[in-house]
Every structure is written in structure tokens, then in C-alpha cells.
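Trainee: Quick one: structure below, then a few questions.
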Amino acid sequence: MNRRAFEIYQYAAPAILAPLTFFLWRRACGGNPWLAALAWGLPIVYAYVVPGVGTNVLKVWEFDTSLRLGRFRPHHGFVFGSATAALAWAVHGEPSRTWLDALRAGFVLASVLGFWNVLYDVAALRSGILRVYNQPHADGKGPEAVALDYAPWFFAGFGAMYGAGLGAAEVLAARGGFGGPQFAVLFPATLLAAIALPVLGYRRRSFKTHGHSGCAPVRSKA
């Protein structure tokens with residue numbers, strides 16, 4: 001994808017996919033609005049929190065778009081979230097009935113989201129619409145090395161927690177119902193795990209590989 005394609009995609013895709021995926025998840029969840037809200041809403045909220053902090057607080061990432069709040073594009077939650085909800089729906093299959101099923105769902109989404117989002121970020125970096133100021137960038141390496149430094153942790157890590165959390169919600173729904181009280185606990189718990197665990201893994205790997213946390217922009221020595 002070239003830059004023009006990304007500029008069109010960032011508005012066209014969520015405009016189509018956000019309502020479509022909500023409808024698809026509502027049907028896949030048997031009309032349960034709380035289960036559908038978790039499946040559809042979790043990636044949207046995640047994509048506001050983590051990239052928002054990474055751009056405007058830590059300043060490691062930056063979007064080069066005409067519509068921005070600082071370094072962050074305000075519609076990014078729906079760009080990432082609607083596409084993620086679509087991928088998750090496409091590979092969903094039968095609802096989880098056991099805790100093992102929930103773990104399997106986490107593995108599947110970790111694999112799918114890790115793979116496709118690495119490819120997406122490589123293309124976005126190459127187009128110039130996304131900039132990441134990490135160690136590979138400072139070392140003059142290409143988009144593939146820059147993306148592989150962070151993307152597997154954040155995308156596959158999020159997929160693992162998202163899939164497992166959704167699977168857990170389906171297990172609860174099958175065993176007695178999943179409503180507002182369960183949603184009020186599981187949604188923030190899954191979101192917190194999806195933020196904290198990948199970040200901790202990324203920081204640990206960055207200290208081991210680069211000698212720093214990776215949570216601050218790295219400047220070229222040249």
C-alpha cells in the first residue's frame with residue numbers, strides 16, 4: 001500500500017467496518033449485548049490507550065496525518081479496533097465452552113493479529129504515515145526491523161489477552177450468563193492484562209537486547 005491508499009483506508013475502513021463488525025459480533029454472540037460489547041469494544045479502547053500513550057506521552061510513535069492531536073490521530077481507535085474486530089470475527093468459529101477453549105482462542109488471535117499487524121505496520125512505516133523512533137530506527141535499519149522490534153509484543157500480546165478474555169466471557173455465558181456485572185469486571189481486567197503483560201515483555205526484551213526500556217525515543221548517533 002502506498003501513502004495515498006493508507007490515507008483513504010484510515011477513514012473508509014472504520015466507516016464501513018465499525019458498524020458492520022458490531023452487527024456481526026452481535027449476531028455471533030446470540031444477541032447478548034454485553035458479550036458483543038466486549039468483542040467489539042475492547043480493541044477500540046485498547047487502540048486509544050496504548051498508541052495514545054506511545055505517541056503523545058512517550059513520543060516513541062508518531063502518525064503523519066492531516067488530522068492529529070499532537071502525534072496521535074483521533075480516529076485511530078476505530079482504524080485499529082474495527083479491523084481487529086473483523087479479523088477476530090473471521091476466525092472466531094464456535095464459542096468457547098471450556099477454559100481450554102478460551103486459552104485456544106487466545107493462541108489463535110495472538111497468531112492472527114501478530115501476523116497481519118506486523119505486515120500492516122511494515123507497510124505503514126514504508127509509506128511514511130507511521131514513524132517509530134526505536135533502536136532499529138536510530139541504527140538506520142529498514143521498516144521490517146523497526147516493526148519487528150515492537151509489533152509482535154504489542155499485537156500478538158494483545159491478541160492473546162483479547163482472545164482469552166473473549167473466550168472466558170463465552171464460558172461464563174454458557175455456564176450461567178454474561179451480563180452487566182460480569183462485563184464490569186472482565187472488560188477492565190482483560191484490558192489491563194492486554195496493556196500490562198505485552199508492555200512488560202517488551203521492556204524486558206528491550207533491556208536485554210538494547211540496554212534500555214524502549215519506552216523513550218532513541219536518537220541516531222550519526
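The values are calculated or read from the model by the stated rules, or taken from the named source; none is laboratory data. In this text, all values refer to a predicted model and were calculated from it rather than measured experimentally. Quick reminder, even Gly has a Cβ in these numbers, built from the backbone with ideal geometry, and neighbours come from all protein chains shown.
Trainee: Look through Val146, Val132 and report the one residue that is hydrophobic (A, V, I, L, M, F, W, C) and either closer than 26 Å to Trp89 by Cβ or without any contact (Cβ under 8 Å) to a residue 40 or more places away in the chain (or both). Lay out the reasoning, then the answer.
Mentor: Numbers: Val132 fails: either closer than 26 Å to Trp89 by Cβ or without any contact (Cβ under 8 Å) to a residue 40 or more places away in the chain (or both).
Within the list Val146, Val132, the selection yields Val146.
Trainee: Test Leu200 against the stated conditions and say whether it is surrounded by fewer than 23 Cβ atoms within 10 Å (Cβ to Cβ), in contact with a helix residue (DSSP H, G or I) (Cβ under 9 Å, 6 or more places away or on another chain) and without any contact (Cβ under 8 Å) to a residue 24 or more places away in the chain.
Mentor: Working: surrounded by fewer than 23 Cβ atoms within 10 Å (Cβ to Cβ): yes; in contact with a helix residue (DSSP H, G or I) (Cβ under 9 Å, 6 or more places away or on another chain): no; without any contact (Cβ under 8 Å) to a residue 24 or more places away in the chain: yes.
It is false that Leu200 is surrounded by fewer than 23 Cβ atoms within 10 Å (Cβ to Cβ), in contact with a helix residue (DSSP H, G or I) (Cβ under 9 Å, 6 or more places away or on another chain) and without any contact (Cβ under 8 Å) to a residue 24 or more places away in the chain.
Trainee: Looking at the stretch 51-107, which of the residues that are farther than 15 Å from Leu130 by Cβ and aromatic (Phe, Trp, Tyr) is nearest to the chain's Cα centre (by Cα)?
Mentor: Residue satisfying both the conditions and the ranking: Phe78.
Trainee: Now a separate question. Looking at the stretch 1-50, which of its residues are of a type in the set (Ser, Thr, Tyr) and either buried (at least 20 other Cβ atoms within 10 Å of the Cβ) or more than 19 Å from the chain's Cα centre (by Cα) (or both)?
Mentor: Within the stretch 1-50, Thr21, Tyr46 meet the criteria.
Trainee: Please enumerate the residues belonging to the stretch 94-121 that are among the aliphatic types (A, V, I, L, M) and either surrounded by fewer than 20 Cβ atoms within 10 Å (Cβ to Cβ) or in contact with a Phe, Trp or Tyr (Cβ under 7 Å, 6 or more places away or on another chain) (or both). Can you show your working first?
Mentor: Going through the stretch 94-121, the residues among the aliphatic types (A, V, I, L, M) turn out to be 100, 102-103, 105, 108-110, 112-113, 118-119.
Leu100, Leu103, Val108, Leu109, Val112, Leu113, Val118, Leu119, listed by residue number.
Trainee: Name the residues in the stretch 10-26 that are free of Cβ contacts under 8 Å to residues at least 60 places away in the same chain and not hydrophobic (A, V, I, L, M, F, W, C), would you?
Mentor: Of everything in the stretch 10-26, those that are free of Cβ contacts under 8 Å to residues at least 60 places away in the same chain and not hydrophobic (A, V, I, L, M, F, W, C) turn out to be Pro19, Arg26.
Trainee: Could you grab me the full set of residues in the stretch 156-180 that are farther than 14 Å from Cys29 by Cα and hydrophobic (A, V, I, L, M, F, W, C)?
Mentor: Ala156, Phe158, Ala160, Met161, Ala164, listed by residue number.
Trainee: Any residue at all in the stretch 58-65 that is under 28 Å from Gly180 (Cβ atoms), out of contact with any Leu (no Cβ under 9 Å at 6 or more places or on another chain) and not polar (S, T, N, Q)?
Mentor: So far as the stretch 58-65 goes, no, none of its residues is under 28 Å from Gly180 (Cβ atoms), out of contact with any Leu (no Cβ under 9 Å at 6 or more places or on another chain) and not polar (S, T, N, Q).
Trainee: What about Ala85, is it loosely packed, with under 15 Cβ neighbours inside 10 Å, modelled with pLDDT of 95 or more and among the hydrophobic types (A, V, I, L, M, F, W, C)?
Mentor: no
Trainee: Does any residue of the stretch 180-190 turn out to be of a type in the set (A, V, I, L, M, F, W, C), in contact (Cβ under 8 Å) with a residue 24 or more places away in the chain, buried (at least 22 other Cβ atoms within 10 Å of the Cβ) and out of contact with any Ser or Thr (no Cβ under 6 Å at 6 or more places or on another chain)? I'd like the intermediate steps shown before the answer.
Mentor: From the stretch 180-190, those of a type in the set (A, V, I, L, M, F, W, C) are 183-187, 189; that's our starting set.
Narrowing further to those that are in contact (Cβ under 8 Å) with a residue 24 or more places away in the chain: 183, 186-187, 189.
Narrowing further to those that are buried (at least 22 other Cβ atoms within 10 Å of the Cβ): none.
No, because not a single residue in the stretch 180-190 is of a type in the set (A, V, I, L, M, F, W, C), in contact (Cβ under 8 Å) with a residue 24 or more places away in the chain, buried (at least 22 other Cβ atoms within 10 Å of the Cβ) and out of contact with any Ser or Thr (no Cβ under 6 Å at 6 or more places or on another chain).
Trainee: When only residues in the stretch 203-222 that are loosely packed, with under 15 Cβ neighbours inside 10 Å and hydroxyl-bearing (Ser, Thr, Tyr) count, which is farthest from Trp153 (Cα to Cα)? I'd like the intermediate steps shown before the answer.
Mentor: Restricting attention to the stretch 203-222, the residues satisfying the condition of being loosely packed, with under 15 Cβ neighbours inside 10 Å are 204, 207-209, 211-213, 216, 219-222.
This time we only want the ones that are hydroxyl-bearing (Ser, Thr, Tyr), so: 209, 213, 220.
On the way: Thr209: 14, Ser213: 13, Ser220: 23 Å.
Only one residue fits best here, namely Ser220.
Trainee: From Val91, Val79, Val50, grab the single residue that is under 15 Å from Met161 (Cβ atoms) and β-branched (Val, Ile, Thr).
Mentor: Val50
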